Amino acid sequence: MRFISCAVLTVLLGLMLYLAVPPTRHVARLTPPTRASAASGSGAKPPSLWTALSSTLRRRAFQVYTSMMLLSITYATFFGANIPLYLVYIIGLEPREVPAVAAALGLSNLFTRVACVPLYTRATIRYPKHAHPARLLAYVRLGEAIVVPIMLWLLGQNVGLFTVAFIAGLLTGILHSPFDMCSHLLIGWAIDEDALANGGNRREGMHYAANGMIQHLSGAINGLVLVAWGAAGFDAKLCAHQQPAAARSAIESSFLIGLPLLSFLTALVAMFYPIQGERLRRLLERTEQARHGKAKVQVQPAPPSPPQPASIESQKEVPGDAPTA
């Protein structure tokens, strides 16, 4: 019961941020000002929080992006926080053995994650259609949905625990390597498109704030999983061999079924990212034109100065020695 209470508290804490969003009935509906209107002085009143937030959430590109991020963050936080429980209660490791296995997994993951960044960067530049960041994320998430459950299953077999952990880290590092690069490109294009639709008014802060607000749902989702474990009979005070079979099945199913399902959903959502192909080409062209236009306005050549009349002193002849015969 104590475990369920802590899990419910985790869910509530994950939802506390939404108390900061004011109710709609108390907020005036204003149109977000564009750069042109702000320059002319008309409509320069800043929009309300709800208006700015709702105008951001209505963007299809942002909807797809933040859904991908929510699924990815939920996966990462759940795996990182609960993999020790899987190793102890499902694999049967002693608690003192967990740090060594986690170190082998983490260090090998970090190595390939950093080493593969240049390869993914070159692929994105050389094959912009097939290696579009959204498609690239979809491909690696599908690979993750296949590789991770196989590696978790192998950890429970007598095939060399540290060897499997090391290989699992190498493979997952390759699959996780393009995540940061792709996520920044996708949110950047969404912000660029929003700015062009609002007269050049860039709203990076609102996009990142709205995305961060939605990511807090990951804590609530993970808390609900812990509630399900508690309902299945999991008791953190009991040893691994004393846990009921239902609790062990709940933990094992969360890793071998739940996590691959999250990866598959992330890949599916990524394929619906709208800024691709011709739409992306037009966006890049318009962004470049807007950037050059802004540079021309900011850096204007100074008008040529009028010629200065020669001074009277410079027009006087300087007397010299008379020429000699």
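FYI, it's all coordinate maths here, none of it is from the lab. Please read these numbers as outputs of a predicted model, since none were measured by experiment. No Cβ is skipped: glycine too gets one built from the backbone with ideal geometry, and neighbour counts run over all protein chains shown.
If the segment from Phe111 to Ala197 were pulled out straight at 0.36 nm per residue, it would be longer than the present Cα-Cα gap by 26.8 nm.
Put in order of Cβ neighbour count within 10 Å, fewest first, the listed residues Cys239, Cys116, Cys182 become Cys239, Cys116, Cys182.
If you sort the three axes of the alpha carbon gyration tensor as a ≥ b ≥ c, you get a/c of 1.5 or more for the stretch 103-221 and a/b above b/c, which makes it prolate. Listed from fewest to most Cβ neighbours within 10 Å, the set Leu170, Leu105 follows the order Leu170, Leu105. The modelled label-to-label distance between Ala231 and Arg122, using points 7 Å beyond Cα along the C-beta direction, is 5.1 nm.
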